[in-house]
Structures are given as C-alpha cells and as structure tokens.
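In what follows, a structure is listed as structure tokens, so that the remarks can point back to it.
Derivation of every value follows stated rules applied to the coordinates shown; laboratory data play no part. None of the values given here were measured: they were computed from a predicted structure. Note: ideal-geometry Cβ built from the backbone for every residue, glycine included; neighbour counts use all protein chains shown.
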Amino acid sequence: MNEAPKTSILFTLAARRPWLVLALALLFSVLSIWLTAQRMEFLTGRDDLMPQNTSFNRDYRAFRAEFGSMEDIVVVIEGQDADKVGEFGSRLHDALAKDKGHFSDVFYPFALPFFRDNGLLFMSLDEIKELRRNLTLAAPALRALSASPSVQTLFTYMTGSIDRYLAGDERELPGIMFMLDKLGAGFTSFGTGKGSVPSMESVFMNPDSAFARAGRQQILTALPVRDMAGFVPAKAAIAVVRGEVARLKALPEYKGISVGLTGTPVLEHEEMTTSEKDITLATVVSLVLTVVLLLFAFRGVLNVFAAMVSLLVAISLSFGFATVAVGHLNILSMVFAVMLIGIGIEYGIQVVLRYQEELRLGAGEMIALETGLTRNVWAIVMAAATVAAAFLTFVFTDFRGIAELGIIAAGGVVICVLVTFTVLPALLVLLARYRKTRTRATEARLSEHGVLSRLLFGRPKLVIALTLVLCVASLYPLSRVSFDYNLMNLQAKGLESVTYAYKLMRSKENSGYFAVVMADNAADAQAKTARLERLPSVDHVVSLNTLVPDHQQEKLAELAALQRELADVKPVPYEESLSLMELPKVFEAFRNAAVALKERLEKERRPEAKQAASFVATLDKFFAGLEKERDKNAVGMLQDFQGGMFKELPAKIELLKQSLAARPVTEADVPRELRSRFVGKTGKLMLQVAPKGEIFNREPLKAFIDEVRSVDPHATGEPVMVYESMTIMRDSYRLAFIYAFVAIVGILLFAFRSFKFALIGLVPLLVGLLFMVSGMWLFGISFNSANIIVLPLVLGIAVDSGIYIINRYRREEGSAAGVILSSTGVGVLLNTLTIMASFGALMVARHQGVFSIGAVMSLGMVACQIAFMVTLPAVLNLAAKK
C-alpha cells in the first residue's frame, strides 16, 4: 500500500461538507436546465454556421438583397397525364395562395395563362414539326373519334382504313402504321387492367421530348413565413403543404399522381427532426451502455450511482454554460451531450477505480478515497487539458459552427473535471457508510506474469516491429480516404426530400440545383448566357430571355398549318357507354383486317411488315386478357380502357386547338410574377446556370463552379455555397488538428518535463490515427462535414489516456505491464469502452451524418485501445527508464 497522501483542499471540502457540495451542485443543475429550456435556441440553417466575411458569402448576400430569399418549399408533382398533373398543381396553388399566414409567395407556372396560351412555342422547332406530322397522320382518326369517342369508333375506323389500303389506296398506310404503333403501346401498358392507357401527349408527341417531360413533372414553390420561435422555422408551413397534398391525393380523379416535397426548408426540417430523434435515442442508449459498463467494472451499484449522478450534473451544468456562452446549438454542436457522456465519465472512472484499488489493498474509506482523488489530480488535469485544447483550437477557425462547438465542448470538459473533484467525492463520502467491508482477497487481478500478460507484454521488440509495419501499410489508406462534399449523403436513407432533390438534379427541365450569375442589363445577360452555354459542364441557362421563345416565326407557321388541319375536328362530349352486343363483331373485324394487313405487307416484303406482325401479337394478347376476364371483369376492363383514352379527349382537343392559336411573344408579355423572379430590385438580371450532370460530389462540383466563375467571378447560388462552406469546414478542421497537435505537444512537455516522455506520449496518438484511417478505408467510410469532428477529438483522447499510463509508470513502482493491469490501465480500458459506447450509440441513428460520427469514433477508439494496451507498454519497456 502506498503512503497516504497529504490532505488536499478538494478532499477536505468533500469530506467535511458533502451535503453542501451536493446541494449546491443540484441547485446549479436545476438552474442550468431551466435556463436552457428558457433561452437555448437551435440554428437550422447552414448559412448560420458559415463565416460571414468571405467573398463568396458577400456575393450570396448581395444576390439575396437583389432577389430576396429563394429558400422555397418545392413541391414536385408527377404523373403520366400532363393535364391531370397541371390540374392537381392548380388546385394546390389556389389553396396555398390563400394562406398568407404560412406563405409569403406561392408560384406555379402552369397556373399562369402565359404558359397555357403560349406553351407550344416553348417546344423546340423540331418537336413542333414532329407534333404537326403526328397530328396530321392522326387527323382522320381524330375526326371520327371527336364525333363519337369510343372503342367501337376507334376499331371501326381502323378496320375501314385498313380495308381502303388493301383495296389499293396507298395514302392510308402512313396513318395506319402510326395508329397501330400508338395502339400497340396502349395495349401493352394497359395489360390486363393493372396498367394505364396512353395519354394524348404520349400519342401525338415524343414522350421523351423536353416539353413532354416538363408536363409529366411540374414544380410548385412556396416561400414559407418562418416562425423563428420554433425549433424548425418552416415546420408549420411544411405541415400545411403536406396536409393539402394528402387531401388532394385522396380524391379519385388524381389516382396515379405522385407528389413529393423537397427544397432547403424541407431538407433542413427533415434533417433536424431526424437528428433530434437520433440524438435523443443515442443519448439514452449511451447512458444505458455506460451504466452497464460501470456495473461490470465497479462491481457494485453505489459507485456506479455516484459516477452517473456526477456525470448528469456535469452535463446539466454544461448545457447551462452553452446557453450563457453561445446561446444556441446547431447541427454540429447538438451532439456535444453525447460526447460528454463518454469523455466526462473517464475522469470519474480513474478516481473510483483507484479508490477501489486502495480499498482492496487494505486502506480505510477516507484514506482510499483521498488517494484515489489526489493521486489522479495531476493526470486528470493534464488529460482534460489535452481534450479541452483540442476543442479550443476550433475557436481559431473561420467556421462559426465549428468555433461554437469548440467553446461548448471545451467548457463542458472543464465542468466535468470540476464535478469529478467536488461532486463525485462528496457522493462517495455520503455512500461510504452503506458500502460493505472488503478484504484483500475479495477480488483478484490479472498477474503480469500470466500467459496473457506474457503474450501482450513479453516481446516488446516484436510488438514495436509489427506496429511499425502496420503503420507503414496504413500510409496507403491515408492517401485514399477522401472528404465527401455530398450533403445528401448525410441525410437519412429513403427521405422523401432527398429522393426528390436527386430527381430535380437529374431533370433538365426543372433543375433545382443551379448556380446564379447576375447581369447588369439585357446585353450583358445575352453575352454571359452565350459564354456560359459554351462551357462543357453547363447544360443550359434560364433567364428572362428564355421566357421569350426563339424561332417564333417558323413555329407560328407550323402551328397555323396544324390549326387549319384540325379545323373540322369538333369533339362532342364523352358518353360512358359500350355497345356490348356489337363489340365482338367489331373486334373480330378489326383483328381480321390487321392480320390481312400483316400478310399483305409480308407478301410484298414491305419494311412495315415487322411492325404489323408485332401489333397483331400484341392485339392477340390484349384480346386473350379480355377472354380470360370474360366472366369476371372484362366489361370493367373495356370501360377503363375506353374511359382512359377518350373521357378527357374532347377537352384535350379543345385545349390543343386553343394553344394552336398562339401569338408572337415579346418581353413585355411576360407576366409580372414571372418577370420578378428574374429581374431584381435594382434592375439586375438573374441567370440560372443548370449543370449538365450531377454535381453533388466534389470533383464535378468544383469543375462546374470553376467554369462558371471563369465567366463571372462573383457567381453564387447553392452549389457555390455548398462547395465553399465544405472546403472551409474541411480546411478548418485540418487547421484545428494542427493547432491541437501543437497545443498537446506543449501540454505533454509541461506535464512530463521530459522531451523523451513527451515523444512517448505521442505514440498512441500517431498509431491510433493511422489505424483508424485504415479502418475507415477498409469499411468504405469517407470523412464528411459531420464525422470530421472526430479527428481532433481522437487526438485529445489518444493523448489523455496515454498521460494516465505514463504518469503512473513514472510516479509509482512497477513495470509497464503492471501499470496496464492496475486500476489505471483498467480505467483507460474502461474509458475507451465508455467513449465507444457513447459514440457507438450514435450508430442507431438514421441520419447518416450522425451514424458516421459513431462509426468513425468507434474505429478510432478500437485503434487507440490497441495503441494504449499493446504498443505503449512495449515502448515504455524499451525506451523509458525511470
């Protein structure tokens, strides 16, 4: 047994006034919780985390000042029938536009008469020519169907057209083959009644054209009124949109319409909501795992109770400190409570384990407790200093979110140390009377001469050699692990907002992820547009100029000719009736005509023969499906097919004929609500620069931004903000790592007053980091804006555990193996296990960023554990002489 230490002020306070210490601790804890509940705020926007004095942020603020906020809730409406999609969007627009309490602006292009009247002019000239060609071929069938829209009319007309061709009228063949192609596609998609019939758009225009795609996927944007008092400012507005969408989707006429929400407010809302749930769950799991580990290590409830109460007091006081010092949490700093569970408990572990060791060696309660406290003061202070220094280096970075985390976490570490030296001993004093008396033989410990000890510690040269080989091998993974710029990879998998964000990214017509360039006037806008659209990474530029269609003279001529072609197509209202008695004969006659057409074309070896044969096979499958359902649902299938094709036909033909009457469009015709989105408050013009491909990852994102900036160095927008902020964050953590390393070297030199032992203290750090990065590479984990926080944290923890081991090795008798097998070594093992438990609990998270913090930290602790328990003792045995 070591000689009893001199009485310390800390121990005297805890021993003589334990109830006073505990009462004050609980009082301040309650006050801290109350203060946090009353004043703590949450910043959800990423803009709030970034430095405000950078050039890219000034450019973004200038853009916002000119054009206002563009952080809209984006509603993506999709369906095969463009008119149904448009009708859904119009009703949603009308409902949301009335709600001024939740939305300051609601914009839906389809609802504007400008696009309804002039929509066809925004098709390319080639697409309009194709539309004219298709409608000209289908015009005879449309005339018949407009007079009597039904399946019987369609098949009867087609039978007559084929008969006329077979009788020698070659002019019928192009129209026949066009209609057979469209009918075949309709039969195939409809199948056995589970599919859908082709819409008018898919029949008469290329379904892959930009105009058709824009019709099937339409966008509504709503700018929310932000409630800054709430956890998520746009939460109420998002709930209103979701409620209205659900109401409309429940209506039978909108069957087949799919709707999803995305946009910055929705992404932030889902991220914060998911993260909040994940952090809460992880905190509970972490606390439970920590209790289990402490029960196993302390072999009793009383010491676990004392340690956990001290930890909860420290966390409560840390929240109070965070509220006073910073006043808010952000997406980065909200994980600090989980951090403190693992980091804060380690100081108490060292005290309690040394206390228990002294009891086993026969010391009295008070002497054992004082020894556990005083013999660890220096080591704990130095260990905590390394962790606090690692966090405080965040303050010197340019990234506000990181700097705030550094202040909060460093303050939390200091509070944990103070609580360990005051509240914990006070609790242990109060609980001493309830503790059973132990004898020296009550518990056994591992012998440093046992088989396991000889295996781990008996061959230090071999251990060091293997460590060096593995460290050299780790240099390759170190060169391969990258930083992931894709913020979508941080979100929970399967989130609607992420799915639709990717959809918009891949959509050329509705790209929601674009750079912004501002022009001073129309000439400047035209010149910049021309230069931008020549860039390899740019797909197109949207501006006020694009709202005035090009090639209008040629397009209007085509539309006028088509208008004349359809002048005598005058649809009558659709009536849902089937002539069931006549349909079998109509079907039989049509099939016979189709077979005869196939045989004639095959006999004459015409190129259309293959298409005709394919149609007959499709037709037979369709009729076979009807025959199979004859006694069940054949009539219902026919009614669905006929209704799907012809119910909306009269109205659609009328809309088409109206749109054919388009007139020349000038800039003066652009409506105010559309013009204001591209013309700023001082007259500047906005150019939206859409990328050619996905730019979520760093390489394509950087290429895109560099090219756009070659045209305008002040280009801004969401891609620029993401790239610059991620770069600053990455570089800030790198700088913080360097600062922390320098600070820790200084602390080691001060703590050990020996250059040699300071170098030995760095061994766990270097080995642990290299092994951690190797583990990340093996498991395919990249650094990202969430888990990169682990780097300086691992640095501090790796060194502080080394301090405990080296400090006891130097100050007390025994070998390095003996230190590892003592309460100090067990404490270091337990420290890393509790940190793994607290951070590993984050791996229950759905949020991939939070999950990755837990995964990387767990790998780091496993790596550091190997360095503490295996490599460090070998180095001490060979290099350290007391």
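Here are some notes:
- Protection proxy ranking of 816-826, 696-706, by the mean of other Cβ atoms within 10 Å over each peptide's residues and highest first, is 816-826, 696-706.
- Net lengthening on full extension, Leu468/Arg606 (0.36 nm per residue, minus Cα-Cα): 42.0 nm
- Measuring nothing but how far apart in sequence close Cα pairs (under 8 Å, 6+ apart) lie, relative to its length, the range 727-828 scores a relative contact order of 31 percent.
- Crossing angle, helix 125-147 versus the chain [Cα axis fit, 0-90 degrees, rounded to tens]: 60 degrees
- Extension reserve of the Val742-Arg242 stretch, reckoned as 0.36 nm per residue once the Cα distance is removed: 174.8 nm
- Which label in (1) 302; (2) 212; (3) 221 gives the computed volume of the Cα convex hull per residue in Å³: (3)
- Relative contact order for the range 73-178, counting Cα pairs under 8 Å that sit 6 or more residues apart, in percent: 15 percent
- Dividing the mean sequence gap of close Cα pairs (under 8 Å, 6+ apart) by how many residues the range 213-367 holds gives a relative contact order of 19 percent.
- Packing-based ranking, highest mean first, of 600-610, 748-758 given that Cβ atoms within 10 Å are counted: 748-758, 600-610
- Normalised by residue count, the range 296-408 yields a Cα convex hull volume of 105 Å³ per residue.
- Pairwise FRET efficiency - Asn697 versus Ala147, Cβ, R0 = 60 Å, nearest 0.05: 0.60
- Modelled spin-label separation between Asp169 and Asp99, with each label point placed 7 Å from Cα along the Cα-to-Cβ direction: 5.7 nm.
- The chain, helix-only ellipticity at 222 nm - DSSP H runs n ≥ 4, -39,500 (n - 2.57), divided by all residues, nearest 500: -22000 deg cm²/dmol
- For the range 253-344: rounded, prolate or oblate by the Cα gyration tensor [a/c cutoff 1.5]: oblate
- Here the peptides 279-289, 90-100 are ranked by packing, the mean other Cβ count within 10 Å, and the order with the highest first is 279-289, 90-100.
- Axis angle, to the nearest 10 degrees, between helix 823-840 and the longest C-alpha principal axis of the chain: 20 degrees.
- Test item: Cα-centred dipole of the chain, Lys/Arg +1 and Asp/Glu -1 on Cβ, debye: 3460 debye
- Residues whose placed amide H lies under 5 Å from that of Asn330, excluding near-sequence neighbours: Leu43
- Compared with the dominant principal axis of the Cα atoms in the chain, helix 755-778 is inclined by about 30°.
- Among the listed pairs Lys249/Lys493; Lys129/Lys603; Lys657/Lys684; Lys652/Lys692, a Cα-Cα separation exceeding 30 Å is found for Lys129/Lys603; Lys657/Lys684; Lys652/Lys692.
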